[in-house]
Each structure stands twice: as structure tokens, then as C-alpha cells.
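The values are calculated or read from the model by the stated rules, or taken from the named source; none is laboratory data. Quick caveat, the model's predicted, so the values are computed rather than measured. Positions of Cβ are backbone-derived with ideal geometry, glycine not excepted, and every protein chain shown enters the neighbour counts. Surface accessibility is based on the protein's heavy atoms, side chains included, excluding ligands, DNA and RNA. Shrake-Rupley method; radii C 1.70, N 1.55, O 1.52, S 1.80 Å.
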Amino acid sequence: MEIANSFFNLGYLDSLSYKKSFIHRLDPRIKTIVTLTFVVTVVSFPQKELSGLLSFFIYPVFIIALAEIPLGFILKKLVIVSPFVLMVAIFNPFLDKTPVMELYGITITTGWISFLSIIVKFILTISAALLLIATTSFVGICEGLSRMRVPEVFVVQLMLLYRYIFVLVEEALRMVRARDSRSFGKKGRGIKTFINLAGILLVRTIHRADRIYSAMLSRGYSGTIPQKRTHRIRTKEVFYLIIWVGLFILFRKYNLSLAIGQLF
Amino acid sequence: MSHHIIEFKDVSFVYPDGTEALKDVSFRVVHGEAVAIVGPNGAGKTTLLMLMNGLILPTSGEVLVGEVPVTKKTLPEIRRKVGVVMQNPDDQLFMPTVGEDVAFGPINMGLPEEMVIERVDEALKKVGCLHLKDRPPHRLSGGQKKAVAIAGVLAMKPDILVMDEPSAGLDPRARKALINLLKTFHHSKIIASHDLDLVLELCPRCIVLNSGQVLADGKARDLLLDEKLIDRAGLELPLCVQNSGTQT
Ligand SMILES: Nc1ncnc2c1ncn2[C@@H]1O[C@H](COP(=O)(O)OP(=O)(O)OP(=O)(O)O)[C@@H](O)[C@H]1O
Ligand SMILES: [Mg+2]
């Protein structure tokens, strides 16, 4: 596991999802729907809107607190993806120089506002998605999907992907290590060996797929994989869903952070 | 109890690429027998085991399980009778959790839910892994994976248990536990292994395979201690004999 960890940090995200908090125990379907509504409402904000978005931070903060997800981990992930978003957003301030207001002598332009708006939207949506994964075991997500009538082929694909990505990453890293330990710091004679390694990995994977299929047949596989059905949506969870969706719509319609700001 | 019999009649198998993996193999395993298949790498052990539950079908000759020939038509019946534990447990544990994986076979057999749960718990208890039921397989040690893979097959209550390299990758204690577990399985057992000491402990009978042919078939005690034969089969004497040999 330690190998997979150093590569994608998958192992850590995976281990978070086995905790047992209130959030973890919620039905995966409920969490998925809440996350989706969250993302859609956040994204639907107009480009030049900034203050209205701030109320939405309540959701990730709530989840992080209740599910005991280390804040540092989420922040680190956000930093890793941030260059891409900066690339997308960075042109706004240069393209749109209409001034909106003056703060301590600095002119703030619409461009800067939409730049910040993109960044905030990005922080919100990515952290919501990460938090969904960190609080829902993969089994749960698969179960949720299959019960929301996603075709079985996709669910089974996902399931097997999740099961074997760890095996595959380990195999790849073993091969890379074997190469490095025999190439004396010269990166194993460049691209040629790399292509060879990739080829071998592909062949091995095909063989493995063959053996897995054999194992499935040996145990009576006949085209359908039994899906677990353990969760049942409780009324408590329906309330959870209604409250969040209601709040998101409220935040979207009324700029609460501005209203609260004006109270003081 | 004729259904615990496996018979090979002049079986040959050629892989699609032309490799002749088995040549005219014939033998018969009767009810309750424990038989070891030994031979060096590439001897054809895995190929032989795959023929037993119809993962591959013979190029020529016939495989019978309890008087029923293994053909495309009889596969579901054959696979219910013959439980195969593969060489690499990672290939066998494909479900997201241990419990679901062990349940895979029984569910496919069409058992009702309560019975599936009962079988899963029983099989996991037998291999001492009940506490791992909700774990995903990628968070198990090698020995635990092996044990769970065996549970997955035991849960189907096969008449004949077939295992490929059961002790590979196990530490001495896990290996000992495995041997004790296999001793409790009283139906027919067929075990392919390089671990000749394990063979001596578990299997009274032994079939020696080399380059796809049966070199010898008889009492394990006699065959595995026959230095000439062992050498001809490209194997090494069991450690227990080697050690006592150096002492005297
Ligand atoms: N899928 C395949 N395609 C072509 N040839 C194969 C295939 N699988 C095995 N063989 C060949 O068939 C022969 C028997 O292989 P088999 O896997 O049965 O040996 P084995 O006795 O199980 O060896 P080991 O002890 O290494 O597991 C070998 O020569 C091998 O190279
Ligand atoms: Mg083999």
C-alpha cells in the first residue's frame, strides 16, 4: 500500500473513507445528490458574482468538521490542481478592465472579480467532490450508482478498476524499481526501456484479466455480478437532503453573506 | 459416492500458440483421495488443473468428473462440484470486500440469502478470517488473501477441492495453519505444489509431471524419496529428507 500511497495518495483517500462518522454512514445516494446540487448551484453563479458564493463554504466546513477529515489533506489536493485553474482564470484581469470600485486607492476591475470568482468556485466544487470520495467507501459509491439505475456494465467496470488499480500500480512500481536497481542512476537508458516496460505491463494486465475471468467462471459467474443492497434511506437522511438542497437554493437566490455584512 | 471421482483419459492440450502443454495424460482420482501433482516450472500443472473444471477443454482425450464428461454443456454442474483455488489470490479476490467475495460463489449457485450469509460466515470462520469480512482485499496481507481465496471456494461446498501452489508466499506459521485446514477437508483433494514437504504431509498419492507427461504415479512416500526419479523430474528432495541426510 505504501507504494500506491506515494504515487496517487489513493491509499490515504481510501483509508479515510472507512471511518465511521455520521457523514460516512449516510446513504451514498443522498451524499451524491447533495454534492451534485452543490456543484450545480455553485457553477450556475454568474461570472461577476463573488460575495454570494461565500455562504457556500458552510457545506465543506460542515463536512470536514463532522467527518473529521484532515483539513490539510484537502488543502494539499487543492494546491496540486490549482495551476490548471490559475491558467484558466489568469487572463480575466487583463481582458476586462472595467473598474467597479476603489478600495484603499486600488482600483478593482470586473476582471479581477471574475478571476476570484473562478478561484472560489474551483475551491468549492473540488473540495465538495473530494469530500464525497473521502466520506463514502468505494463500495458505497458503486452500490449507490447501481441503485440509481446506472447500467451494470459501468458499475462493474468501476468496481474492478478500484480493486485492481492498487495491484497494477504496485506491479508497475516493482518493475520501475527493478529497472532502476540495474541501471545505476542512468534512468534505465531512457525512453526505449520505458516503452518496453509499458508493453510488458500491458501484456501482464491482459493475462491478469484472463486469469480473473477464469476465477470468476470457476465460481459460477454467468454474466451478472451480485450487488450489495445494504443501505436503506431513512427519514433522517431525507431531511438531511432537503435541508441542504433548500439551503443551496436559498444561497443562490439571496446574497446572504452580503445581507449579514450589512447588518453590522 | 461416484461424484467425487475425477478421471483423465488420454488428455492432451495444445495452447493456441502451439505450445504442447500436456501429452496423453491419464489417471483416476477416487473419492476421498488426496493427490499431489508435482513437477518443475512449466511442467503443465496449472494447465492440468484448469482442465479439471473446464476453464480450458482438452484438445484430445476426455476429462470426467463423477462420470460426467467436461464439455461446454456440463460446465455449470462441473464447476459446482470442482472448486479451484488459483495460484495468485489477487486474481481470485475480485469483489470489493472480503464478505462479498466469499458470497460470490454461493449467490451464483442460486442459494437463498440467509443461506449465503450462513455459508460465508462458516467458510470465513474455518479459515480464521471472520474478522476481515468487511475489509477490501487490497488491505490484506498475502497470507490473509490466500486464506480468503480458499474460503471463497469452501463456501461453495465443492465435492473436489483443487489447489494450485497453496503454500506459495506464506510464512511458516500461515503455511502450518493451511496444512491443518486442508487436513479437515475430507473430500477429494488435488494439490499442485513445489512444496514437497507439504505434499508429504497432506497427500498419500503423488503424480509426477514433467514437460506435459506423467513421469510417475504412486505413493508419495516412495516417489518423493526416490532420488533418481526426483532428479529426472527436475525437482529436489523434500527438505525433511535432505536435512536428515546431512546429519547422518
Ligand atoms: N496461455 C498460454 N499460452 C501458451 N502457452 C502457455 C500458456 N500458459 C502456459 N503455457 C505453456 O504451457 C506449459 C505448461 O504451463 P503451466 O502453466 O501449466 O506450467 P506449471 O507446471 O503450472 O508451471 P509453474 O510451476 O511455473 O506454475 C509451459 O511450457 C508454458 O510455457
Ligand atoms: Mg502453475
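Measuring from label point to label point, each 7 Å out along Cα→Cβ, what is the B:Arg139 to B:Val30 span in nm?
Here the modelled spin labels are 5.0 nm apart.
Quick one: with all protein chains in place, what share of the accessible area of the range B:1-148 is carbon or sulfur, to the nearest percent (1.4 Å probe)? Present the calculation step by step, with values, prior to reporting the outcome.
Details: 3170 of 6120 Å².
Carbon with sulfur: 52 percent of the solvent-accessible area.
Provide the percentage of antiparallel DSSP beta bridges, counting only those with both residues in chain B; round to the nearest 5. It would help to have the intermediate numbers written out before the result.
On the way: 19 of 36 bridges.
Bridges in chain B that DSSP calls antiparallel: roughly 55 percent.
Residues of the range B:127-154 with accessible area at least 20 Å² lower in the all-protein-chain context than alone (1.4 Å probe)?
Buried by 20 Å² or more upon assembly, which counts only protein chains, are B:Pro136, B:His138, B:Arg139.
Can you give the longest run of chain A that contains no trypsin sites (Lys or Arg not before Pro) sitting in a DSSP loop with at most 14 other Cβ atoms inside 10 Å? Provide the component values of the computation, followed by the final result.
Numbers: sites that count: A:Lys20, A:Lys48, A:Lys97, A:Arg149, A:Arg182, A:Lys186, A:Arg229, A:Arg232, A:Arg234.
The answer is A:98-148.
All other residues with a Cβ under 11 Å from the Cβ of B:Asp90 taken together, and with Lys, Arg as +1 and Asp, Glu as -1, what is their net charge? Kindly include the intermediate steps, with their values, before the conclusion.
Working: positive: A:Arg163, A:Arg208, A:Arg211, B:Lys145, B:Lys146; negative: A:Glu170, A:Glu171, B:Asp91.
Surrounding charge for B:Asp90 is +2.
In square angstrom, what is the accessible area per residue of the protein assembly as shown with a 1.4 angstrom probe? Present the calculation step by step, with values, prior to reporting the outcome.
Details: 26330 Å² over 512 residues.
Roughly 51 Å² per residue, with all protein chains present.
Using +1 on the beta carbon of Lys and Arg, -1 on that of Asp and Glu, and nothing else charged, what's the dipole of the protein assembly as shown about the Cα centre, debye to 20? Please report the intermediate quantities before stating the final value.
Values: 60 positive and 46 negative charges, 281 e Å.
Dipole of the protein assembly as shown, to the nearest 20 debye: 1360 debye.
Can you compute the equivalent ellipsoid semi-axes for chain A, i.e. the square root of 5 times each eigenvalue of the Cα gyration tensor, sorted largest first and rounded to whole Å?
Values: eigenvalues 336, 167, 47 Å².
Those come to 41, 29, 15 Å.
In debye to the nearest 20, how big a dipole does the range A:151-225 give about its Cα centre with +1 on each Lys and Arg Cβ and -1 on each Asp and Glu Cβ?
Details: 13 positive and 5 negative charges, 117 e Å.
Charge dipole, the range A:151-225, about its Cα centre: 560 debye, nearest 20.
Give the B-A buried accessible area in Å², both sides summed, 1.4 Å probe, nearest 100.
Numbers: alone 12030 and 16840 Å², together 26330 Å².
That pair of chains buries around 2500 Å² in total.
Would you work out what percent of the accessible area of the range A:151-225, with all protein chains in place, is carbon or sulfur (probe 1.4 Å)? Don't jump to the answer; show the numbers that get you there.
Details: 3230 of 4800 Å².
Answer for the range A:151-225 is 67 percent, counting heavy atoms of protein chains only.
Run lengths n ≥ 4 of DSSP H only: what is the helix-derived mean residue ellipticity at 222 nm for the protein assembly as shown, with -39500 (n - 2.57) per run over all residues, to the nearest 500?
On the way: 24 runs with 283 residues, N = 512.
Rounded to the nearest 500, it is -17000 deg cm²/dmol.
For every other residue with a beta carbon closer than 12 angstrom to the beta carbon of A:Tyr18, add +1 if it is Lys or Arg and -1 if Asp or Glu, then tell me the sum. Numbers along the way, then the final one.
Working: positive: A:Lys19, A:Lys20, A:Arg25, B:Arg135, B:Arg139; negative: A:Asp14, B:Asp134.
Summing Lys and Arg as +1 and Asp and Glu as -1 gives +3.
Give me P(r) over the range A:151-225, computed from all C-alpha to C-alpha distances, binned every 5 Å, as integer percentages.
Result returned by the calculation: 3, 13, 18, 20, 14, 11, 9, 6, 4, 2.
Could you give the length gained on full extension between A:Val153 and A:Lys76, defined as 0.36 nm per residue of separation minus the Cα-Cα distance, in nm? Don't skip to the end; give the middle numbers.
Details: separation 77, 0.36 × 77 = 27.72 nm, distance 3.38 nm.
Full extension from A:Val153 to A:Lys76 adds 24.3 nm.
Of all the accessible heavy-atom surface of the range A:1-137, with the other protein chains kept in place and a 1.4 Å probe, what percent is carbon and sulfur? The partial results should precede the final answer.
Details: 5330 of 7110 Å².
The C+S portion of the solvent-accessible surface of the range A:1-137 is 75 percent.
When DSSP beta bridges are limited to those with both residues in the protein assembly as shown, what percentage is antiparallel, rounded to the nearest 5? Don't jump to the answer; show the numbers that get you there.
Details: 23 of 40 bridges.
For the protein assembly as shown, the DSSP antiparallel bridge percentage is about 60.
Using 1/(1 + (r/R0)^6) with R0 = 35 angstrom and r between the beta carbons of B:Lys9 and B:Lys157, what's the FRET efficiency to the nearest 0.05?
Rounded to the nearest 0.05, the efficiency is 0.80.
How crowded by other chains is B:96-109, given as the mean number of beta carbons from other chains within 10 Å of each beta carbon?
4
So which residues of the range A:123-142 lose at least 10 Å² of accessible area, probe 1.4 Å, when you go from the chain by itself to every protein chain present?
Output list: A:Val139.
For a protection proxy built on the mean count of beta-carbon atoms within 10 angstrom, sort B:170-178, B:30-38 highest first, please.
On the way: B:170-178: 15.2, B:30-38: 20.3.
Final packing ranking: B:30-38, B:170-178.
Any idea what the dipole of chain A comes to, in debye rounded to 20, about its Cα centre with Lys/Arg Cβ at +1 and Asp/Glu Cβ at -1? Please report the intermediate quantities before stating the final value.
Numbers: 32 positive and 14 negative charges, 190 e Å.
About 920 debye.
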